[in-house]
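What follows is a short report on a single structure.
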Protein chains: 2
Amino acid sequence: MEKPKAWIISVGNELLIGRTINTNAAWLGRKLTFLGFEVERIVTVPDNIEDIAEEVKRAVERAKIVITTGGLGPTYDDRTLEGVAKALSLELAVNDDALEMVRRFYNAKGLELTPHRVKMAMLPRGARPLKNPIGAAPGALLKVGGSMIISLPGVPSEMKAMFEAEVEPVLKEVAPRLEVVECTIRVHGVPESSLAPIIDKAHKASERVYIKSHPEGYETGNPIITIKALASAENKPKAIEEAMRSLKYIVDGARKLGASISEEGCS
Amino acid sequence: MEKPKAWIISVGNELLIGRTINTNAAWLGRKLTFLGFEVERIVTVPDNIEDIAEEVKRAVERAKIVITTGGLGPTYDDRTLEGVAKALSLELAVNDDALEMVRRFYNAKGLELTPHRVKMAMLPRGARPLKNPIGAAPGALLKVGGSMIISLPGVPSEMKAMFEAEVEPVLKEVAPRLEVVECTIRVHGVPESSLAPIIDKAHKASERVYIKSHPEGYETGNPIITIKALASAENKPKAIEEAMRSLKYIVDGARKLGASISEEGCS
């Protein structure tokens, strides 16, 4: 069964110049994977309408779920929704529901609407605003063709809160009914290059299990290889069974090479 | 003066499924920025020849410097150089110098070459191997047209060591003779949305300074906004002068709104 594809577009020069590490993309990648989607790209773009539009357009053509983070705030360089609108040839306009969210947020603090605050309520036409449980700027959810474009804030606490409250329930409805698990073993005492032929064979033996080895310590000397198997199936016991079958093959092969193994369980 | 563009391509399913946070891209983004390049994209792709080739091709068409990380090891899912070769319609072949590096690495530990170890010495034709000061797999540097494609390992310690020893000296030769500085102030007591019009004006006043505001704490209540100005010029004092001129405009405006300011210096 082919998993529906997801693309993540991270907007922000601070990510490109390395001022900020892109933890948002990793958090979303994990969420989407365990919801049953296949994350195919994470693309980081500058705060620039043309660049955002270029990547959103490409993503919509290829993915069922497109999630953008960042660029929803009140300043000149918050341009994500302009980029989304441009990518899809939609008009950007004040959304009444979004404006009400922004108005309420500021009124509660005794502050009026200003043009820069109203800007945060401008969405591509047809988009539904997503409530921001922490900050001022609403997110946006837009359906186009068979795809869904979801724009979330860049501040991690706001992004996570909005995703969990507003986005996850929607994605659960479109996600395949799959359980995804990841099981881990650690192989001590054998270099990754010696283990490589065995890992290759285990990988080729199952299309439904994704195996990846991560060398820790040193290739020679005292090598430790962490091996993770990601498997998906109709239910959790079946997914664990699939993952463990692949890992068992590696365990057996590694023991023959004189390795010692520690099993780290599944999650 | 237009800065030469750089693209970073991060290869690895572990990044897409959120098992690993992409710290390599941030580290490289910072390095490239301060060398005088403009990082225009960071693209994360699966361990898959077609996906790698697609993005490398796109990158080479648009950027002077393309850096890939990951996918150089001995296992089946280490496919970066196959992807690079495919993107550029080059043959992948054992490189004698690379093979000598790999052989020496293993011989020092009393280990022989195996097909999976020889695999690490297979480079796109015309590429120059880059010595790995820590691990087994060499990197690769390839010049095509006006672009340079540099493939580094995914293990952060190996990636950084190889970049600093083998890549930075080469990039310094092609980098523009620019000094880049980043100066920071923090504005206390004014919401970002109130400060937004002032930041906008400061931004428009100088094309050579890139300003970005990062809200900390809360938009209202006790707002703190970190504002960073990135400036480049022929020498460092001039770059600092440019950055501080933009920040001074914001400081003056913020003070009129009742904010207090702390200056955090330049780096």
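Out of (1) at pLDDT 95 or above; (2) touching a Phe, Trp or Tyr at 6+ places or on another chain (Cβ under 7 Å), the odd one out for A:Val167 is which?
Only one criterion in (1) at pLDDT 95 or above; (2) touching a Phe, Trp or Tyr at 6+ places or on another chain (Cβ under 7 Å) is unmet by A:Val167, namely (2).
Are there any pairs, at least 6 apart or on different chains, whose C-beta atoms fall under 9 Å, with the first in the stretch A:138-157 and free of Cβ contacts under 8 Å to residues at least 40 places away in the same chain and the second hydroxyl-bearing (Ser, Thr, Tyr), and if so, which?
A:Leu141/A:Ser151
Please go through (1) of a type in the set (Asp, Glu); (2) in a strand (DSSP E or B); (3) facing chain A (nearest Cβ under 10 Å) for B:Glu263 and return the number of the only condition it doesn't satisfy.
(3)
Is one or more of the residues making up the stretch A:183-193 modelled with pLDDT under 90 and more than 8 Å from chain B (Cβ to nearest Cβ)?
no
If you take the residues in the stretch A:175-221 that are among the hydroxyl-bearing types (Ser, Thr, Tyr) and in a loop (DSSP other than H, G, I, E, B), which one is nearest to the chain's Cα centre (by Cα)?
Looking at residues that are among the hydroxyl-bearing types (Ser, Thr, Tyr) and in a loop (DSSP other than H, G, I, E, B), I get A:Ser206.
Considering every residue within the stretch B:29-36, establish whether at least one is of a type in the set (A, V, I, L, M, F, W, C), more than 18 Å from the chain's Cα centre (by Cα) and at pLDDT 95 or above. Break it down stepwise before answering.
Filtering the stretch B:29-36 down to residues of a type in the set (A, V, I, L, M, F, W, C) leaves B:32, B:34-35.
With more than 18 Å from the chain's Cα centre (by Cα) added as a condition, the list becomes none.
There is no residue in the stretch B:29-36 that is of a type in the set (A, V, I, L, M, F, W, C), more than 18 Å from the chain's Cα centre (by Cα) and at pLDDT 95 or above.
When the residues of the stretch B:90-143 are filtered to those that are away from chain A (no Cβ under 14 Å) and in a loop (DSSP other than H, G, I, E, B), which remaining residue is surrounded by the fewest Cβ atoms within 10 Å (Cβ to Cβ)?
The first filter runs over the stretch B:90-143 and keeps only residues away from chain A (no Cβ under 14 Å), leaving B:90-98, B:100, B:123-131, B:139-143.
Now restrict to residues that are in a loop (DSSP other than H, G, I, E, B): B:90-91, B:95, B:125-127, B:131.
Details: B:Leu90: 17, B:Glu91: 10, B:Asn95: 22, B:Arg125: 12, B:Gly126: 16, B:Ala127: 27, B:Lys131: 13.
Per the stated criteria, the residue is B:Glu91.
Under 8 Å by Cβ, and 6 or more places apart or on different chains, what pairs join a residue from the stretch A:29-45 that is more than 7 Å from chain B (Cβ to nearest Cβ) and basic (Lys, Arg) with one that is buried (at least 24 other Cβ atoms within 10 Å of the Cβ) and outside any helix (DSSP H, G or I)?
The qualifying pairs do not exist here.
Those residues that are of a type in the set (Val, Ile, Thr), surrounded by fewer than 22 Cβ atoms within 10 Å (Cβ to Cβ) and closer than 30 Å to A:Ala108 by Cα, I need them from the stretch B:210-267; list them, please. Show your work before the answer.
Of all residues in the stretch B:210-267, those of a type in the set (Val, Ile, Thr) come to B:211, B:220, B:224-227, B:240, B:250-251, B:261.
Restricting the remaining residues to those that are surrounded by fewer than 22 Cβ atoms within 10 Å (Cβ to Cβ) gives B:220, B:224, B:226, B:240, B:251, B:261.
Scanning the stretch B:210-267 gives B:Thr220, B:Ile224, B:Thr226, B:Val251, B:Ile261.
Residue by residue through the stretch A:2-19, note down the ones that are within 7 Å of chain B (Cβ to nearest Cβ) and of a type in the set (S, T, N, Q).
Scanning the stretch A:2-19 gives a single hit, A:Asn13.
Please verify whether B:Lys201 is within 14 Å of chain A (Cβ to nearest Cβ) and at pLDDT 95 or above, treating the condition exactly as stated.
Criteria not met by B:Lys201.
Whether any residue in the stretch B:49-67 is within 12 Å of chain A (Cβ to nearest Cβ), in contact with a Pro (Cβ under 7 Å, 6 or more places away or on another chain), more than 30 Å from A:Ser267 (Cα to Cα) and surrounded by 19 or more Cβ atoms within 10 Å (Cβ to Cβ) is what I want to check.
no
Name the one entry in B:Gly18, B:Gly36 that is among the small types (Gly, Ala, Ser) and within 22 Å of A:Gly29 (Cβ to Cβ). It would help to see each step written out before you state the result.
Numbers: B:Gly36 fails: within 22 Å of A:Gly29 (Cβ to Cβ).
Exactly one of B:Gly18, B:Gly36 is among the small types (Gly, Ala, Ser) and within 22 Å of A:Gly29 (Cβ to Cβ), namely B:Gly18.
State all residues of the stretch B:1-12 that are over 15 Å from A:Val45 (Cβ atoms) and crowded, with 24+ Cβ neighbours inside 10 Å; if no residue qualifies, say none. Don't jump to the end; show me each part of the working.
Filtering the stretch B:1-12 down to residues over 15 Å from A:Val45 (Cβ atoms) leaves B:1-4, B:11-12.
Residues satisfying the conditions are B:Val11, B:Gly12.
Look through A:Leu113, A:Leu141, A:Leu123, A:Leu99 and report the one residue that is out of contact with any Gly (no Cβ under 6 Å at 6 or more places or on another chain), farther than 18 Å from A:Glu166 by Cα and not aromatic (Phe, Trp, Tyr).
A:Leu113
Quick one: would you say B:Ser157 is within 14 Å of another protein chain (Cβ to nearest Cβ), surrounded by fewer than 17 Cβ atoms within 10 Å (Cβ to Cβ), polar (S, T, N, Q) and part of a helix (DSSP H, G or I)? So that I can check it myself, show each step before the final result.
Values: within 14 Å of another protein chain (Cβ to nearest Cβ): yes; surrounded by fewer than 17 Cβ atoms within 10 Å (Cβ to Cβ): yes; polar (S, T, N, Q): yes; part of a helix (DSSP H, G or I): yes.
Against the criterion (within 14 Å of another protein chain (Cβ to nearest Cβ), surrounded by fewer than 17 Cβ atoms within 10 Å (Cβ to Cβ), polar (S, T, N, Q) and part of a helix (DSSP H, G or I)), B:Ser157 qualifies.
Just one of the numbered conditions (1) touching a His at 6+ places or on another chain (Cβ under 8 Å); (2) facing chain A (nearest Cβ under 10 Å) is not true of B:Gly221; which one?
(1)
Scan (1) over 30 Å from B:Lys238 (Cβ atoms); (2) assigned by TED's automatic domain parsing to the domain that holds B:Tyr249; (3) touching a Pro at 6+ places or on another chain (Cβ under 6 Å) for the single condition B:Gly189 breaks and write down its number.
Exception for B:Gly189: condition (3).
The values are calculated or read from the model by the stated rules, or taken from the named source; none is laboratory data. Quick caveat, the model's predicted, so the values are computed rather than measured. Every residue, glycine among them, receives a Cβ derived from its backbone with ideal geometry; neighbour counts consider all protein chains shown.
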